[in-house]
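The values are calculated or read from the model by the stated rules, or taken from the named source; none is laboratory data. Everything quoted here is computed from the prediction, not taken from an experiment. Cβ coordinates were reconstructed from backbone atoms using ideal geometry, including for glycine residues, and neighbour counts include every protein chain displayed.
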Amino acid sequence: MDPSDINKAAQFGSAKTTASPETDHAPQLRSIPRNQSRSPNIRSPMMLPSHLRRSQVLILTLGMSCILLAPCNATNYYIDSVSGSDNNDGLSEVTPWKSHMKVESASLAAGDVVHFKTGSAFSGNMLISESGTAAQPIRLTSYGTGELPKFTNPTTRDASGNAIILSGDYIIVENLHFHDTPGEYVSGMIIMTQLAALRIARGADHCIIRNNEFIKTGQGIMSAGEHTLITENYLDGPSYALWRTSKSSWGPMGIHLNIGNQEVSYNTIKNFGTKDSPWGSDGGAIEIDCGRHHKKNIYIHHNYSEGNAGFIESSWDYDWPRYRQEIHNWRVSFNVCYDGQSWLFMLAPCTGIYFDNNTIARYHGFGRSQNAVARLDVRGGMPVGKPSGAHFRNNLFIYSSSPYTGNRAAGSLKTANWYSKYKSPDTEYKGDSKQAGSGDPGLVDLQKQDYHLKADSPLRGKAINLSDLYQSDFDGHPLPKTGTWDIGAIQYSATRPTQALQPKRRSPTP
């Protein structure tokens with residue numbers, strides 16, 4: 001990490017940035033409970049679990065309560081596409097505006113809240129260029145009961161197909177529904193780093209995107225802003241190519257990160273992928289592309305992905321323009337992934353990249369090629385694992401082809417992983433005594449995607465303890481501070497959570 005980035009990372013994680021091959025410790029991006037963000041220092045008390053809300057109320061002063069719950073000098077704006085009028089003042093529920101574009105003329109200030117009426121539908125781009133502050137973010141949200149307010153932009157000729165663009169700092173977007181935004185080859189120019197239903201522009205930092213829906217969007221969220229938190233969103237993608245030639249293509253992407261210092265957590269990401277590609281398939285849940293900007297300090301955790309053309313891809317020489325950025329200081333942990341193609345497709349040279357306690361079921365191709373779990377075809381840079389590079393710890397790999405492939409696969413560091421070849425439970429992963437084992441993992445029901453451990457699962461007690469880095473598993477159960485852990489994202493528990501932490505779809509129609 002460059003010295004200039006240490007202060008930037010202070011909110012994101014520890015400034016400790018060296019990895020030791022002897023201790024196998026990485027830069028500490030410490031896991032935190034759900035809804036407590038480390039990156040953008042913004043948090044509404046209403047987004048905290050109830051026990052944390054009660055604790056916070058006790059320590060808040062009256063003045064701070066005014067700031068966090070309802071900023072004293074804030075303005076509330078209301079937009080209702082069904083019953084509103086742009087001749088109204090937009091300052092109350094009974095005098096709402098009709099057009100969402102009226103917001104652009106409102107001169108938003110720190111603490112302002114823009115409320116969109118449920119049941120509303122908006123088409124075309126809206127740009128939010130003003131900034132909030134850490135104590136008083138600008139917030140875009142919904143009001144009323146019923147279906148979430150819907151946003152789309154049907155053409156790339158209007159702001160590259162973005163429904164909403166954020167170009168200011170400290171902005172929260174929550175409880176909105178995005179749908180049917182396009183991707184296509186336009187006027188001889190590739191705009192992949194601008195396509196998205198919701199785009200966070202370069203320099204728009206400390207934004208939070210939470211509790212939204214993205215349905216059939218070519219790209220759901222594209223973020224080039226630092227200290228961004230993308231959390232608890234539901235994304236269900238299309239199957240068409242965004243751009244296609246006889247030799248190359250771009251597939252649909254759930255979340256597209258263009259820079260480092262970002263966190264992606266507790267999202268549900270499904271069905272982003274196309275077979276319309278010269279490579280057989282393309283797209284994926286999360287891609288880290290655009291070589292113009294650094295790729296340091298990224299934390300991806302507690303997400304559920306299904307049916308995508310891979311979970312994570314990091315490019316090298318495939319961006320446009322062909323800039324190159326090595327990646328540093330990532331953690332990918334406690335994700336549950338049931339995807340096609342390669343779960344991981346790593347092309348960029350990496351330093352201090354940790355994949356910890358993930359459950360990866362890579363046995364259903366969803367009609368797509370490249371069926372290894374982790375593909376490391378790294379171009380250039382330092383050798384993987386000597387002493388830096390990719391580290392795999394405590395993961396459950398369920399695979400049909402191979403757990404690792406690529407020119408740097410053999411050199412990556414592997415500790416306490418479990419390997420299970422689909423429909424061949426007697427297949428052993430040989431030649432590495434540092435692994436936890438291989439064979440039937442003893443899951444409740446693999447065919448129905450129930451990845452919880454049975455009481456007699458051989459995965460219990462086989463993982464190393466990483467409690468200096470992580471606090472809770474995929475289900476939200478506290479992780480033991482001492483002793484061994486279980487393999488995978490879900491630790492054994494005799495009790496099931498009453499509600500998943502990763503969201504399900506709320507709106508029945510696009």
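The figures follow:
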read-out: Failed item, numbered, when HIS100 is tested on (1) at pLDDT 95 or above; (2) surrounded by fewer than 15 Cβ atoms within 10 Å (Cβ to Cβ); value: (2)
read-out: Condition met for SER457 (out of contact with any Pro (no Cβ under 8 Å at 6 or more places or on another chain), polar (S, T, N, Q) and in contact (Cβ under 8 Å) with a residue 24 or more places away in the chain); value: no
read-out: Single residue of segment 225-241 satisfying the filter (at pLDDT 95 or above and assigned to a loop (DSSP other than H, G, I, E, B)) that is surrounded by the fewest Cβ atoms within 10 Å (Cβ to Cβ); value: GLU232
read-out: Odd one out for HIS391, checked against (1) assigned to a loop (DSSP other than H, G, I, E, B); (2) closer than 26 Å to HIS328 by Cβ; value: (1)
read-out: Looking only at segment 272-297, and only at residues there that are in a strand (DSSP E or B) and at pLDDT 70 or above, the one that is surrounded by the most Cβ atoms within 10 Å (Cβ to Cβ); value: ALA285
read-out: Residue check, ASN357 in the same structural domain as PRO441 (by the TED database), modelled with pLDDT of 80 or more and at positive phi; value: yes
read-out: First in segment 314-340 and assigned by the TED database to the domain that holds ASN261, second anywhere and modelled with pLDDT under 75 and of a type in the set (Phe, Trp, Tyr), Cβ under 7 Å, 6 or more apart; value: ARG324/TRP316; GLY340/PHE366
read-out: Subset of segment 111-161 (residues that are of a type in the set (Gly, Ala, Ser) and either assigned to a strand (DSSP E or B) or crowded, with 20+ Cβ neighbours inside 10 Å (or both)); value: GLY111, SER120, ALA121, SER123, SER131, GLY132, SER142, SER160, GLY161
read-out: Residues being assigned to a strand (DSSP E or B) and under 15 Å from SER342 (Cα atoms) - total across segment 397-420; value: 5
read-out: Among the candidates TYR338, TYR323, residue that is on the phi < 0 side of the Ramachandran plot, of a type in the set (Ser, Thr, Tyr) and at pLDDT below 85; value: TYR323
read-out: Test result for ARG408, touching an Asp or Glu at 6+ places or on another chain (Cβ under 9 Å), modelled with pLDDT under 80 and closer than 20 Å to ARG331 by Cα; value: yes
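Residues are listed down the side, and each one gets a yes or a no for (1) in contact with a His (Cβ under 9 Å, 6 or more places away or on another chain); (2) more than 16 Å from ASP205 (Cα to Cα); (3) charged (D, E, K, R):
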position: ILE128; (1), (2), (3): no, no, no
position: GLY132; (1), (2), (3): yes, no, no
position: PRO137; (1), (2), (3): yes, no, no
position: THR156; (1), (2), (3): no, yes, no
position: SER167; (1), (2), (3): no, no, no
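Here is a yes/no grid of residues against (1) more than 20 Å from THR228 (Cα to Cα); (2) at pLDDT 95 or above; (3) of a type outside the set (A, V, I, L, M):
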| position | (1), (2), (3) |
| --- | --- |
| PRO96 | yes, yes, yes |
| ALA106 | yes, yes, no |
| SER123 | yes, yes, yes |
| SER129 | no, yes, yes |
| LYS150 | yes, yes, yes |
